[in-house]
Structure formats: C-alpha cells, structure tokens
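Structure record follows, encoded as structure tokens.
Read-outs throughout are calculated quantities, based only on the coordinates presented, and are distinct from any laboratory measurement. A quick note: this is a predicted structure, and the numbers were derived from the prediction, not measured. Cβ placement follows ideal geometry from the backbone for every residue including glycine, while neighbour counts extend to all protein chains displayed.
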C-alpha cells in the first residue's frame, strides 16, 4: 500500500510539473505573439503615416476610423474604411501614394543615393521599395528583411523631420 501511495504521489508530481511546463511554454508563446503583434502594429502605423491617403477614395487615412490593410496586386496598402474594399482603385490616388512613399524613403536603402519618384522600384513582402538602379533592385530582392528595415528607418526619419 505504501508503494502504491508513493507511486500515485510521484505520478501527481510529474503531472503537475508537466502542466506547469506547458503553462509556462504557453505564456512564453503568448508573450512572443504579443511582441510580434505590437511590432506589426508599430510598422503598420509607420506605413499608414507614409501612405497618407486611401487608394480608392483619396481620403486621409484615419478619418474614417482605423485604416484597413488590403492587398492590391502584389502590394499591401491601407484603405480608409472597410467599405472601400468593394471599390475600385483610383489611378491618381495610387500614383499619389507612390509619390508619398518615394518622397518619405528619399534614399536608396542599398547605396544611400537619392532616389526619384519615377525611378526603379521593386515589391518585396508586399512593400514597394525604391532604389537607384537595377543592381540595387536585385540586392533588395535577395535580402528583403535587411532592406525593409532600412526603408522603415528612412520612413521614420522623414516623419520625424516633418514633425519639427
């Protein structure tokens, strides 16, 4: 009987230990997901600030509530409202968005040279990146994470300079 009691106690301890481990792992996953969600939200806010307007209505993003992320072709952009998902892209508004993005980026993320609004660009991970030449386009496509981080830094610097 004593051995049975010890066996039951040991089994309970192992079960409790396993439960605690799973619970801890779950909290770690939740914390990582929360961190990723916060990082994504911060990046979305940066992209919204750079894009400025809705490609459908031309309205300033944020005036109709939280902007809505969507995909237009290969590119991820924001709409002013859910209703615009059913609308048609206005070419002039889309062109203005690209001018806003190129102006905010300002420099090639590879060579740090000035870029032009009508210069070469590439879409990686749903984002348009402006470059100074075709060779830089290939470099961005080969290592998008590195160059998207540089573009985000250029965007942030542009927004901060505007605020001053």
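For the reader, a short list of remarks on this structure follows.
- Separation of the residue 123 and residue 74 label points, Cα + 7 Å toward Cβ, nm: 0.7
- Summarising the strand pairing of the stretch 42-163, around 90 percent of its internal DSSP beta bridges are antiparallel.
- Compactness index (Cα Rg / 2.2 N^0.38 Å), the stretch 76-123: 1.39
- Building the convex hull from the alpha-carbon atoms of the stretch 42-163 and averaging its projection over directions returns 7.1 nm².
- Here the contact order of the stretch 42-163, divided by its residue count and restricted to Cα pairs under 8 Å and six or more residues apart, works out to 22 percent.
- Per principal axis, descending, Cα span of the stretch 94-164 in whole Å: 35, 24, 23
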